[in-house]
1. Name the residue from Leu101, Ala65, Ala149 whose Cα lies farthest towards the positive end of the charge dipole of the range 60-172, charges +1 on Cβ of Lys and Arg and -1 on Cβ of Asp and Glu.
2. Between the range 4-24 and the range 93-148, what's the alpha-carbon centroid distance in Å?
3. How would you rank Phe104, Phe52, going from fewest to most other Cβ atoms within 10 Å of each one's own Cβ?
4. What ranking do Cys228, Cys72, Cys140 get, fewest neighbouring Cβ atoms within 10 angstrom at the top?
5. Where the only charges are on Cβ atoms (+1 Lys, Arg; -1 Asp, Glu), what is the dipole of the range 132-289 about its Cα centre, to the nearest 20 debye?
6. Obtain the radius of gyration and the Kirkwood radius of the range 162-264 from its C-alpha atoms and give Rg over Rh.
7. By the gyration tensor of its Cα atoms, with a ≥ b ≥ c the square roots of the eigenvalues, what is the shape of the range 158-203: rounded for a/c under 1.5, prolate for a/b over b/c, or oblate?
8. Using a Cα-Cα cut-off of under 15 Å, which aspartates and glutamates could be cross-linked to Lys204, ignoring same-chain neighbours fewer than 8 residues away?
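Please treat every number below as a calculation from the coordinates, not as lab data. Fair warning: this is a prediction, and the values are worked out from it, not measured in the lab. Note that we place each Cβ from the backbone using ideal geometry, even for glycine, and neighbour counts take in every protein chain shown.
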Amino acid sequence: MRALIIGASGQVGGALSSACVRRRIEVYGTSRRGQGYLFLDLAEPATIAPVFEKARPDLVLLASAMTAVDDCERNPERAALVNAAGPAAVAEECRKYGSKLVYFSTEYVFDGAAGPYGEDDAVNPLSAYGRSKLEGERACLALPGALAARTTVVYSHDQDSMNFVMQLINNHRAGAPMRVPADQYSNPTYAPELAAAVLDLAAKGESGVYNVVGPDWINRYEFALQACAAFGFDPAFVSPVETAALGQAAPRPLKAGLKTDKLAAALGRRLPPVADSLRKIAGILKQYE
């Protein structure tokens, strides 16, 4: 099997690449930065077809996106180009080559009024990011057999990533205070487990929308405290705040999060709890001491 990972240089793409290698799946990876990857920029449709011509993939994992929520709010046109029009063009190439498509979506398709949400709950995105990702999800699901994996608060030990756990680690190392929302609830999701579950769903031929998140429904501040405890950090540098006090450009869904009953039924398991994954990261940190 040949897999094409669009956005292989990112956190999720890197986890997918590692998981594919372990499963002896031939991998082609793309990045906007080049650096040993095939060049593909979702904002430049002309870069998509040549990659498909080279890879001729059986499976396409679309992990690339414009994920900076406030940047999307300030530049909704680019957000729509990268998160909606680009995936639509990818879906068309998948149609030509008969490729199985997996699109990585987000809890931000919901308004956060009454989470956690199931796959069939009504969507109502609050932000340009959420709206553009929902458009991309719909464009990809128009392809027969496509799978959309909705996820959120993805974290791992990845030096090149600005995921929440790495922000916490870097702020602690720098002795810098960190204000963390205590009113944003969702499901932190460990990137390697996300990658494994999505590949399992694809291997089983699943299609449609699946929520693929960790089992813990907690607020961001509680997540930070759990991480501090796991890493042996004094949590004094972390302080709880209300989201409104942060003055962010884009509105956030406050009580979001996703239910995983459908995932558990398909795979016979849920993702491991936050405590397990944080212990793994703590083990990695000890290697750097």
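1. Leu101
2. 20
3. Phe52, Phe104
4. Least crowded to most crowded, the residues run Cys228, Cys140, Cys72.
5. 200
6. 1.03
7. Because a/c hits 1.5 or more and a/b fails to exceed b/c, the range 158-203 counts as oblate.
8. Partners found: Asp58.
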